[in-house]
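Everything on this sheet refers to the single structure shown next.
Each reported figure results from applying straightforward, stated rules to the coordinates on display, with no laboratory input. Note that this is a predicted model, so its numbers are computed, not measured. As a convention, Cβ positions derive from the backbone with ideal geometry for all residues, glycine included, and neighbour counts pool all protein chains shown.
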Ligand code: FAD
Ligand code: SF4
């Protein structure tokens, strides 16, 4: 009864943070729970489940080597697994969980929470910031973070005189030959192999052919180093680009490691700033990357807790369609941009931000898909998925289901945007320039269809005036709506 039991969730694999920070083998025991909910609760992407299970087992082994009593138990759900041990310990503690569901179930059995310092912004501080604002603009939060944390700040002003280099960071992929960075692959060890065997007979999606995700801190550090050496310098310019020639472009591939604690935001920032100080990285690339970590990531986590548990149910546009069948099979569509993106998810459980936002979510929004259906599919299929990060990104940013609490206007676009920012369209069965022909790009037709069917929702939104005016000027709007209805029917039937 003298010892404290620490419950380590599968996204808390860090010895120096949270409940493990001051733990000693003499005073603390440790439990991991592999719940049925986690294994069989959904048709997960194989890469995702493999990564979570194997990383936790590696971490459990490291703690054992340090001398801790470590229990790795299997149970119906996390709470019942932990409760079965409770009588033997003085108390049970864990880091504030990263979802409402786990928070509620652990609070119900009396687990004490310690602050989650895997983020730079405590939840209470974010709430304080939010309450001081008229609107919750990410840009304002980010500037406040830069000042508060003293990052890229000189005499109280932004280094270089500007906060934002987005206008230099929106280049399409280069037309001529270009050497895209390569990424480390990770040799699988006996723990990895054991997990692969465990997953073999489960009903999962995707495949484990790719070995780009490592399952240890060593692998996470190798990815960080590879990013800093090979990708960081051109992170900014090609941040929004998409190309068939590179699946990752200059993105960091750090989100899976960050989201389970194998890396921390402060160590990534420090390493990035150190590289910048050597003089080989432009301010635009450095600022662009820092913005993602101290801005977007922290902002999304802050909003998840600030908006509350019911936020996930928002459905401002009353969208009710089921998810399109093409989300389950990359080979089932002739839309090049979509098949490339879904194939990337099947293979790696990952595509970068713009395919998530401007291909997958854009298509779901344009087809009036229920926000929760998209949320569930994304939660199941992305390697870096977690409730705190998926809910605001899907409900707020992507689907505009919160009516603009997070982003004042929806992120929707027609084929012209995808054609400009990628090299997909040249090799596609559809034409991004037309909207009413049989081979018109579904994105182009549906962009106008979306504006037309939601015109009343947006009529008072001054950021949508230009788009609505464009729609009103279309001479063939009736034919576009007819074609749009056919396209949605075709996509729902799995025929496009
Ligand atoms: P980089 O482009 O190299 O960026 C660096 C880091 O910035 C990322 O690792 C991530 O930690 C952070 N970041 C950047 N944008 C965001 C954001 N919008 N929200 C949170 N963190 C951000 N990110 C996840 O970590 N998990 C998710 O489940 C997830 N789902 C998403 C779903 C949708 C619909 C959208 C639009 C975005 C989602 N994102 C998610 C955000 C972003 O797409 C990924 O963080 C990024 O693509 C991960 O790849 P990377 O590490 O190479 O990122
Ligand atoms: Fe995608 Fe349309 Fe371009 Fe085809 S034409 S790749 S569907 S944007």
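Taking the Cβ-Cβ separation of residue 162 and residue 462 as r and a Förster radius of 25 Å, what is the calculated FRET efficiency to the nearest 0.05?
0.50
Label the stretch 284-337 by shape, choosing from rounded, prolate and oblate, from the square roots a ≥ b ≥ c of the eigenvalues of the Cα gyration tensor; if a/c is under 1.5 it is rounded, and otherwise prolate applies when a/b is larger than b/c, oblate when it is not.
Cα axes put the stretch 284-337 in the oblate bin.
Pairing the Cα long axis of helix 442-453 with the longest principal axis of the chain, what angle in degrees results, from 0 to 90 and rounded to the nearest 10?
Tilt relative to the chain: about 90 degrees.
Taking the highest mean first, how do the peptides 296-302, 34-40, 14-20 order by number of other beta carbon atoms within 10 angstrom per residue?
Result, highest mean first: 296-302, 14-20, 34-40.
What spacing in nm lies between the two simple spin-label points modelled at residue 128 and residue 62, each 7 Å away from Cα in the Cβ direction?
Each label point lies 7 Å from its Cα, and together they span 3.2 nm.
If you line up the long axis of helix 336-348 against the longest principal axis of the chain, both from Cα atoms, how many degrees apart are they, to the nearest 10?
Helix 336-348 sits at roughly 10 degrees to that axis.
Relative to a virtual label point 7 Å from the Cα of residue 171 in the Cα→beta-carbon direction, which members of the stretch 413-434 show backbone nitrogen distances below 16 Å?
Under cut-off, by backbone N: 421-423.
With everything on Cα atoms, drop me the angle between helix 371-381 and the longest principal axis of the chain, reported from 0 to 90° to the nearest 10.
Helix 371-381 sits at roughly 50 degrees to that axis.
Please give the length that would be gained between residue 154 and residue 455 if that part of the chain were fully extended, namely 0.36 nm times their separation in residues minus their C-alpha to C-alpha distance (nm, one decimal).
Gain on extension, residue 154 to residue 455, equals 103.8 nm.
What is the distance in Å between the Cα centres of the stretch 24-65 and the stretch 440-491?
Answer, in whole Å: 47.
For the stretch 4-114, what class follows from the C-alpha gyration tensor (a ≥ b ≥ c being the square roots of its eigenvalues): rounded when a/c is under 1.5, otherwise prolate if a/b is larger than b/c, else oblate?
oblate
Bins of 10 Å, beginning at zero and ending with the bin holding the largest distance: percent of Cα pairs per bin for the chain, please.
4, 18, 28, 27, 16, 5, 1, 0
Shape call for the stretch 367-496 from the C-alpha gyration tensor, a ≥ b ≥ c root eigenvalues: rounded (a/c under 1.5), prolate (a/b greater than b/c) or oblate?
oblate
In whole angstrom, note down how far apart the Cα centers of the stretch 277-353 and the stretch 101-150 are.
When both Cα centres are located, 21 Å separates them.
So for the pair residue 210, residue 182, with labels modelled 7 Å out along Cα→Cβ, what separation do we get in nm?
The two pseudo-label positions are separated by 1.7 nm.
Report the full-extension gain for the segment residue 85 to residue 43: residue separation times 0.36 nm, less the Cα-Cα distance, to one decimal in nm.
12.2 nm
So what is the calculated 222 nm ellipticity per residue for the chain, using -39500 (n - 2.57) for each DSSP H run with n of 4 or more, over all residues, to the nearest 500 deg cm²/dmol?
Result for the chain, helices only: -11500 deg cm²/dmol.
Set the Förster radius R0 to 51 Å, insert the Cβ-Cβ distance between residue 489 and residue 277 as r into 1/(1 + (r/R0)^6), and round the FRET efficiency to 0.05.
Plugging the Cβ-Cβ distance into 1/(1 + (r/R0)^6) gives 0.35.
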